[in-house]
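K.L.:
Dropping a structure here in structure tokens format, bear with me for questions.
The values are calculated or read from the model by the stated rules, or taken from the named source; none is laboratory data. Treat the numbers as computed from the prediction; the structure is a model and nothing was measured. With ideal geometry, Cβ positions are generated from the backbone for all residues, glycine too; neighbour counts draw on all protein chains shown.
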Amino acid sequence: MTEITQLIGEQSPLNGMQSYFGVLQKLASHSYIFAADLKTKRVMVSDNFMTDFNFPSRVVDDFDERLASLIYPDDIERYEKSVGKLFIKDEGDDDFDFEYRICRPNGEFNWSVIKGALIEDENGEATIWVGMLLPMDVRFGADKVTGLLGRDEFAKAIGRELKSSPDASGAVIIIGLDNFNVITESYGHGFGDIALRQIAQNITDVLPPDFPLYKLDGYTFGLFMPYAMPEEIEIIFSSIQLCMREIRNVDDTIYCTASAGAALYPTDAADDVTLMRYAEVALEIARQKGRDQISFFSKETYDRWRYDIGMQNLMQNCIAKGCEDFFLCYQPQVDAKDGRLIGAEALLRWYDRDGSVVAPMQFIPMLEKSRMIIPVGHWIIENAVATAKRWQKYMPDFQMSINISLYQLEEHMFFPFVEDCLARHEIDPSTITFELTESHNVYDWEFVNQQFKNFHDLGIKIAMDDFGTGYASLGFLKNFKCNLIKIDRVFIQDVLKSEFDRNLVKYTIKLCHSIGTEVCIEGVEEEKAYIFLRDECNADYIQGFFFGYPEMEEVFVRRFKK
Ligand code: C2E
Ligand code: CA
Ligand code: CA
């Protein structure tokens with residue numbers, strides 16, 4: 001009787017198997033083989049198993065305890081949950097995760113997979129379980145850079161939890177690094193990987209131990225938190241924000257923040273696919289709100305977001321078809337002294353599918369964000385200039401004001417386009433005013449300044465729109481020489497009621513005149529306001545409902561025929 005036979009017992013079906021161990025071990029090098037006698041629970045292990053994991057002999061009675069003692073503490077719970085399943089025939093492998101960090105002979109914890117199969121005797125009774133422990137370089141399905149599990153495993157983990165506790169609540173969170181591509185672009189991908197690994201580690205360190213972090217596509221991470229309430233999620237997100245800040249300190253030049261989106265179950269959705277999508281939508285909204293924050297999914301924001309996306313598609317189609325659903329309205333601008341018509345401002349409108357007219361505030365911000373304002377802007381200028389040219393037959397010095405967003409001004413082909421457009425229509429450039437509607441911070445002042453100068457030299461007038469709000473301020477006036485400023489209508493709204501507002505408007509006009517800039521007052525709705533602006537403020541031009549609403553071309557043209 002061999003020593004092994006003595007240990008496993010003469011009746012054990014494991015008898016004779018030891019000769020296969022050596023062969024198996026050769027076929028799958030670096031793997032560890034073991035076989036369990038299901039009756040006696042005795043387990044026979046391969047030679048390398050015994051030596052590498054310090055087993056006292058090739059046959060042990062306490063295999064489960066020994067293996068469990070090698071598992072990384074964070075993985076123990078998962079191990080215990082899944083290990084029972086290892087021994088059940090036909091248990092769907094996909095539903096379980098048999099990967100754990102195991103303490104390797106060198107003392108390090110490495111990801112290893114444990115797989116196995118049952119062997120039946122001639123009566124169909126399972127007698128042996130043969131298993132294999134296979135160490136991996138990185139975990140299967142894991143991201144090469146961070147070592148974290150990926151999207152599929154994230155979805156599976158959510159699905160598993162929802163299936164096992166259908167009545168529980170919790171959250172699916174997607175964290176996105178803001179502007180991380182700037183880091184890889186500036187410092188190279190090698191450094192990007194180091195930073196990404198460090199960020200993943202820092203986030204993992206601030207998470208409670210039973211909430212693993214997943215690495216999803218691009219620079220996003222997934223976090224799945226059973227039972228978490230919004231307040232706890234916010235606290236955890238704050239600590240994630242803090243640990244991102246630590247990254248900046250590694251090197252002063254590195255600046256990276258994170259945004260996050262959270263979807264709650266069962267309130268928002270009750271399946272993994274929808275929850276992940278909603279968390280992504282919430283992340284997108286957090287980014288749109290200015291990044292470095294968390295946003296919780298809400299039906300209303302989702303509907304608005306979908307409306308915007310739908311609108312974006314419609315506009316894209318509309319642009320592809322030559323802007324056919326856009327049209328321009330014209331609002332009269334008058335000389336403040338006598339109310340005489342001097343020109344008009346062209347205002348964009350859009351026909352929705354149901355034929356209703358959509359106001360620009362509903363779509364201009366989206367056109368700007370997506371840069372679709374560039375082709376639409378060309379269409380606006382082309383049409384407004386053509387209209388001005390037609391109307392100059394009735395009124396040779398008719399002035400046309402056209403809204404231009406900074407995005408258009410920053411585009412390099414903009415000036416040549418305008419130059420060519422004016423030449424084609426044979427129009428006097430001094431009858432055209434560009435109203436600069438400020439909507440974002442200027443990155444390249446030098447270029448924008450040069451554009452201003454080009455337009456000045458061409459003879460086009462520049463107006464600063466919405467003066468007093470947002471970026472259109474005194475600072476702007478100091479940097480740029482404009483021909484005209486348009487005082488925003490919020491300052492006119494209460495001009496009759498508020499002495500403060502009256503003084504504000506009066507002295508702003510005085511200030512502008514002192515630097516040689518003319519002033520147009522917007523939003524004049526009442527005669528009394530007009531009289532005040534004319535007599536006490538010395539305003540140059542007026543635009544407001546008191547003198548006319550924005551009108552379709554056919555309606556506006558009647559003004560000339562009176
Ligand atoms: P804005 O350039 O300040 O245009 C004036 C807005 O004030 C217009 O709204 C006009 O209808 C409204 N308005 C004029 N007088 C009065 C008044 O007496 N009372 C009141 N309550 N409102 C008055 P609209 O047409 O909805 O345009 C809103 C904004 O959309 C514009 O503000 C402008 O920033 C932007 N926009 C419009 N057309 C274009 C365009 O062609 N290109 C670009 N980039 N932006 C445009
Ligand atoms: Ca304007
Ligand atoms: Ca304005």
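K.L.:
Counting only residues that are assigned to a helix (DSSP H, G or I) and within 16 Å of ligand 2 (Cβ to nearest atom), how many does the range 391-431 have?
P.N.:
4
K.L.:
What number of residues in the range 232-246 are surrounded by fewer than 19 Cβ atoms within 10 Å (Cβ to Cβ), at pLDDT below 95 and aliphatic (A, V, I, L, M)?
P.N.:
Summing the residues that are surrounded by fewer than 19 Cβ atoms within 10 Å (Cβ to Cβ), at pLDDT below 95 and aliphatic (A, V, I, L, M) in the range 232-246 gives 1.
K.L.:
Condition test on residue 303, is it touching a residue at least 24 places away in the same chain (Cβ under 8 Å), away from ligand 1 (no atom under 16 Å from the Cβ), under 30 Å from residue 221 (Cβ atoms) and not aliphatic (A, V, I, L, M)? Outline the logic, then answer.
P.N.:
Details: touching a residue at least 24 places away in the same chain (Cβ under 8 Å): no; away from ligand 1 (no atom under 16 Å from the Cβ): yes; under 30 Å from residue 221 (Cβ atoms): yes; not aliphatic (A, V, I, L, M): yes.
Judged against the criteria, residue 303 is not a match.
K.L.:
Follow-up question, since we're still on this one. From 173, 233, 199, grab the single residue that is among the β-branched types (Val, Ile, Thr) and assigned to a strand (DSSP E or B).
P.N.:
173
K.L.:
I would also like to ask the following. Taking the criterion of being within 13 Å of ligand 1 (Cβ to nearest atom), in contact (Cβ under 8 Å) with a residue 40 or more places away in the chain and aromatic (Phe, Trp, Tyr), would at least one residue in the range 443-465 satisfy it?
P.N.:
Keep residues of the range 443-465 that are within 13 Å of ligand 1 (Cβ to nearest atom), which gives 463-465.
Going one step further and asking which of them are in contact (Cβ under 8 Å) with a residue 40 or more places away in the chain, we end up with 463, 465.
So of that shortlist, the ones also aromatic (Phe, Trp, Tyr) come out as none.
Among the residues of the range 443-465, not one is within 13 Å of ligand 1 (Cβ to nearest atom), in contact (Cβ under 8 Å) with a residue 40 or more places away in the chain and aromatic (Phe, Trp, Tyr), which makes the answer no.
K.L.:
For the range 138-162: of the residues being without any contact (Cβ under 8 Å) to a residue 24 or more places away in the chain and either of a type in the set (D, E, K, R) or part of a helix (DSSP H, G or I) (or both), which is nearest to residue 288 (Cα to Cα)?
P.N.:
Result: 152.
K.L.:
State yes or no: is residue 434 at pLDDT 95 or above, assigned to a helix (DSSP H, G or I) and buried (at least 16 other Cβ atoms within 10 Å of the Cβ)?
P.N.:
Answer is no for this residue.
K.L.:
Where in the range 287-382 are there strands (runs of 3 or more DSSP E), lying wholly inside it, with at least 3 residues that are within 30 Å of residue 532 (Cα to Cα) and assigned by TED's automatic domain parsing to the domain that holds residue 413?
P.N.:
326-335, 341-351
K.L.:
Need pairs with beta-carbon distance below 7 Å; first residue aromatic (Phe, Trp, Tyr) and within the range 342-356, second more than 16 Å from ligand 3 (Cβ to nearest atom) and in a strand (DSSP E or B); sequence gap 6+ or separate chains.
P.N.:
That search, which allows pairs on different chains as well, returns 350/326; 350/358; 351/357.
K.L.:
A further question on this structure: Return the residue satisfying two criteria in turn: it lies in the range 265-286 and is among the charged types (D, E, K, R) and not in a helix (DSSP H, G or I), and of such residues it is nearest to residue 255 (Cα to Cα).
P.N.:
Restricting to residues being among the charged types (D, E, K, R) and not in a helix (DSSP H, G or I), the top hit is 268.
K.L.:
Quick test of your reading of the structure: residue 481 fulfils all but one of (1) out of contact with any Ser or Thr (no Cβ under 9 Å at 6 or more places or on another chain); (2) at pLDDT below 80. Name the failing condition by number.
P.N.:
Evaluating residue 481 over (1) out of contact with any Ser or Thr (no Cβ under 9 Å at 6 or more places or on another chain); (2) at pLDDT below 80 leaves (1) as the failure.
K.L.:
If you go through the range 22-43 one residue at a time, do you hit one that is among the acidic types (Asp, Glu) and assigned to a helix (DSSP H, G or I)?
P.N.:
Looking for residues that are among the acidic types (Asp, Glu) and assigned to a helix (DSSP H, G or I), one finds none in the range 22-43, hence no.
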